[in-house]
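Participant: Sharing a structure, written as structure tokens. Questions coming.
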Protein chains: 2
Amino acid sequence: MSQHPFDAAIALQARGEDRWQGATSPAFANFIGPFGGVTAAQAINGVLQHPQRLGEPVALTVNFAAALADGPFDVIARPVRTNRSTQHWTVAIEQQGQTVVTATAITAVRRATWQTVEARMPEVPPPLEVPRPAGKPGVEWVHRYDLRFIEGPVPAAWDGKDTGASRTRLWVRDAPERPLDFASLTAMADIFFPRMWLRRAAFVPAGTVSMTVYFHAGEAQLRETGTGHLLGQAQGQGFGAGYFDHGGQLWNQAGTLLATTHQVVYYKE
Amino acid sequence: MSQHPFDAAIALQARGEDRWQGATSPAFANFIGPFGGVTAAQAINGVLQHPQRLGEPVALTVNFAAALADGPFDVIARPVRTNRSTQHWTVAIEQQGQTVVTATAITAVRRATWQTVEARMPEVPPPLEVPRPAGKPGVEWVHRYDLRFIEGPVPAAWDGKDTGASRTRLWVRDAPERPLDFASLTAMADIFFPRMWLRRAAFVPAGTVSMTVYFHAGEAQLRETGTGHLLGQAQGQGFGAGYFDHGGQLWNQAGTLLATTHQVVYYKE
């Protein structure tokens, strides 16, 4: 049985204390370097595989300091503070001794408490009633996802008219199907194409500089989700002086909020 | 002329390359340790004062690994990657050699581009028409801010009834007045009391574990804002298994989006 392309892409080999080696995957190639979601997944994977890890991911921030070059890299994941039920991590990805990613993560042993979803899943048609886009994706990594846009697809025409809003709603799952885990949920938090493209209908150079994921799902919610589609939503907030940000949410089909996410993105115009 | 309490609280003394000493300030005391917003301001202050800094803050993530003990601490701010127009920082705050805060920041030389505010300021009465709360704050740091709640104040009664929503809108500025800068904007991004208190009308133990700020304002927008009030808005998204998150925005009175922010908060219940 051959390995799933996502598992192959995020695989890490131990290289000593707090250090792993990974490599970029042609299957997840973007315009320049790999899909940032896979890089973020590799960063959290260093934490997930660490023998001293306490609990499950609660928060992850990944800063993209430089485009990764094709080839190997080191992931350095260090537990810098371990409390009774929480643990704080610093993570770096290095190539040829240069920092290409900085990151921080928090893991925690979580206990059942009162719970609610205030950011409720919007009412949308089920995934199999939403067609997949007809066009052929321009970059390789998009082929690794089953994407079904309900609102705010990639513009069909780049006419540069301000569309007034930059909200996308889409169904997403791995292609081929793969049971959801913390690494793939992290990658899917970066599934949204640049809000600047949507707001301006302009195909401008853009790249995420920092992404944060808050994990609302634990192992139980991941298992319940299995290989089902996630509903992703993202909307821009402020655009100016070369950067915009967006906030987003990911729910499973049952309406469970699995993760919230934000990112700030460089753009040229 | 005596120093403003916020300037006194965030003051840092150089202690060698990449290292500064600061101290907690009784004027910003919280229930346990200092107001997290001041700690975040101290973290970004290490970056702001660094002789190698390139540009202005774009993103900051601060992780609260432990409550700060009253007294001195070290801020270690390192530029780990400097590109042509962006710079990536790792920051730590240490007490007695132990990590109490981890952080990352991005600074950048920003250039004028197409701009818009998609997260528009809601229509609210002007600050001087909104009364200040009648009660006496239970913690010292709250006295350092002029807070005027338009929606979602601290509940008057802790009756434990689910209120169905956790949105707060408030006017805020330093008390006494102080011209806005990146450090005070960072602190004000943490002005929102725990959304769990509002959603559940329950006074439960709660503490921020990670906060991110995206800076939409540059020096020009800070100057335009001056000592004016900011409108802050925050709303919870998901609550469960001991953690909730919120997303928020800060505008000046002219409706300029100065910063967006989000945080994940531990709670006990």
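The values are calculated or read from the model by the stated rules, or taken from the named source; none is laboratory data. Please read all numbers here as calculations on a predicted model, not as lab measurements. Cβ atoms come from the backbone with ideal geometry, glycine included; neighbour counts cover every protein chain shown. Please note that ligands, DNA and RNA were not included when accessible areas were found on the heavy atoms of the full protein model with its side chains. Shrake-Rupley method; radii C 1.70, N 1.55, O 1.52, S 1.80 Å.
Participant: If you wrap the range B:205-269's Cα atoms in a convex hull and average its projection over all directions, what's the area in nm²? Kindly include the intermediate steps, with their values, before the conclusion.
Facilitator: Working: hull surface 19.8 nm².
Mean shadow area of the hull around the Cα atoms is 4.9 nm².
Participant: Placing one identical point scatterer on every Cα of chain B and ignoring solvent, what is log10 I(q)/I(0) from the Debye formula at q = 0.07, 0.09, 0.12 Å⁻¹?
Facilitator: Taking Cα atoms of chain B as identical point scatterers yields -0.23, -0.39, -0.72.
Participant: Right, here's the next one. Select from B:Met196, B:Pro72, B:Val139 the residue farthest towards the positive end of the dipole of chain B; place +1 on Cβ of Lys and Arg, -1 on Cβ of Asp and Glu, and compute about the Cα centre.
Facilitator: Of the candidates, B:Met196 comes out farthest on the positive side.
Participant: Considering only the other residues whose Cβ falls under 11 Å of the Cβ of B:Thr163, what net charge follows from Lys and Arg at +1 and Asp and Glu at -1?
Facilitator: Details: positive: B:Lys161, B:Arg167, B:Arg195, B:Arg199, B:Arg200; negative: A:Glu118, B:Asp159, B:Asp162.
Taking every other residue near B:Thr163 into account, the sum is +2.
Participant: Next question, about the same structure. Measuring from a point 7 Å out along Cα→Cβ, what nm distances, shortest first, does B:Gln52 have to its partners in the other copies?
Facilitator: 2.6
Participant: Another question, if that's okay. Along the Cα→Cβ direction, 7 angstrom out, place labels at B:Asp159 and B:Thr82. What is the inter-label distance in nm?
Facilitator: So the label points at B:Asp159 and B:Thr82 sit 6.0 nm apart.
Participant: Is it possible to state the helix-based mean residue ellipticity at 222 nm for chain B, with each DSSP H run of 4+ residues giving -39500 (n - 2.57), the sum divided by total residues, to the nearest 500 deg cm²/dmol? What is it? Intermediate results must be reported in sequence, preceding the final value.
Facilitator: Working: 5 runs with 39 residues, N = 269.
Calculated at 222 nm, the ellipticity per residue is -4000 deg cm²/dmol.
Participant: List the lysines whose Cα sits under 29 Å from the Cα of B:Lys268, skipping any in the same chain fewer than 8 residues away.
Facilitator: Straight-line reach from B:Lys268, under 29 Å: B:Lys136, B:Lys161.
Participant: Label-point separation (nm) for B:Leu128 and B:Glu140, each offset 7 Å from Cα along Cα-to-Cβ?
Facilitator: For the pair B:Leu128/B:Glu140, the computed spacing is 3.2 nm.
Participant: Compare A:Pro153, A:Pro79, A:Pro133 in a GNM of chain A, Cα atoms joined below 10 Å, and give the one with the largest fluctuation.
Facilitator: Highest fluctuation among the options: A:Pro133.
Participant: Please tell me the relative contact order of the range A:138-269 in percent, rounded to the nearest whole number, where contacts are Cα pairs under 8 Å and at least six residues apart. Walk me through the intermediate numbers first.
Facilitator: Numbers: 279 pairs, mean separation 35.8, N = 132.
After rounding, I find 27 percent.
Participant: Report P(r) for the range A:91-160: all Cα-Cα distances, bin width 5 Å, range 0 to the bin holding the largest distance, values in whole percent.
Facilitator: With a bin width of 5 Å, the distribution comes to 3, 9, 11, 10, 11, 13, 17, 16, 7, 2, 0.
Participant: Across every pair of different alpha-carbon atoms, what Kirkwood hydrodynamic radius in Å does the range A:1-137 reach?
Facilitator: Details: mean 1/r = 0.0589 Å⁻¹.
Mean inverse Cα-Cα distance, inverted, gives 17.0 Å.
Participant: Okay, next question. Where the label is 7 Å out from Cα toward Cβ, how close does A:Glu140 come to the same position in every other copy, in nm, shortest first?
Facilitator: Its label point is 5.8 nm from the equivalent points in the other copies.
Participant: How shielded is A:101-108 by partner chains, expressed as the average number of their Cβ atoms within 10 Å of its Cβ atoms?
Facilitator: 5
Participant: Dipole magnitude of the protein assembly as shown about its Cα centre, charges +1 at Lys/Arg Cβ and -1 at Asp/Glu Cβ only, in debye to the nearest 20?
Facilitator: In debye, rounded to 20, the protein assembly as shown gives about 140.
Participant: If you don't mind, another one. Select from B:Arg120, B:Arg53, B:Arg199 the residue whose mean-square fluctuation is largest in a Gaussian network model of chain B (Cα-Cα springs shorter than 10 Å).
Facilitator: Of the options given, B:Arg120 has the highest mean-square fluctuation.
Participant: Also, I was wondering about something else. Rounded to a whole number, what % of the accessible area of the range A:81-122 do carbon and sulfur atoms account for, probe 1.4 Å?
Facilitator: Result for the range A:81-122: 42 percent of the exposed heavy-atom area is carbon or sulfur.
Participant: Separate question: Taking only C-alpha pairs under 8 Å that are 6+ residues apart, what is the relative contact order of chain A in percent?
Facilitator: 17 percent
Participant: A follow-up question, please. When Rg is the radius of gyration of the Cα atoms in the protein assembly as shown and Rh is its Kirkwood radius, what does Rg/Rh come to? Mind showing how you got there, number by number?
Facilitator: Numbers: Rg = 22.0 Å, Rh = 23.4 Å.
Reported Rg/Rh (Cα atoms, Kirkwood Rh): 0.94.
Participant: Also, quick follow-up: Between the range B:26-100 and the range A:1-61, what's the alpha-carbon centroid distance in Å?
Facilitator: Using only Cα atoms to place each centre, the spacing works out to 27 Å.
Participant: Most fluctuating residue of B:Val154, B:Val117, B:Val91 in a GNM of chain B with Cα springs under 10 Å: which is it?
Facilitator: Greatest mean-square fluctuation among the candidates belongs to B:Val117.
Participant: List for the range A:241-265: residues with 40 Å² or greater reduction in accessible area, all protein chains versus chain alone, probe 1.4 Å?
Facilitator: So the qualifying set is A:Ala241, A:Tyr243, A:Asp245, A:His262, A:Val264.
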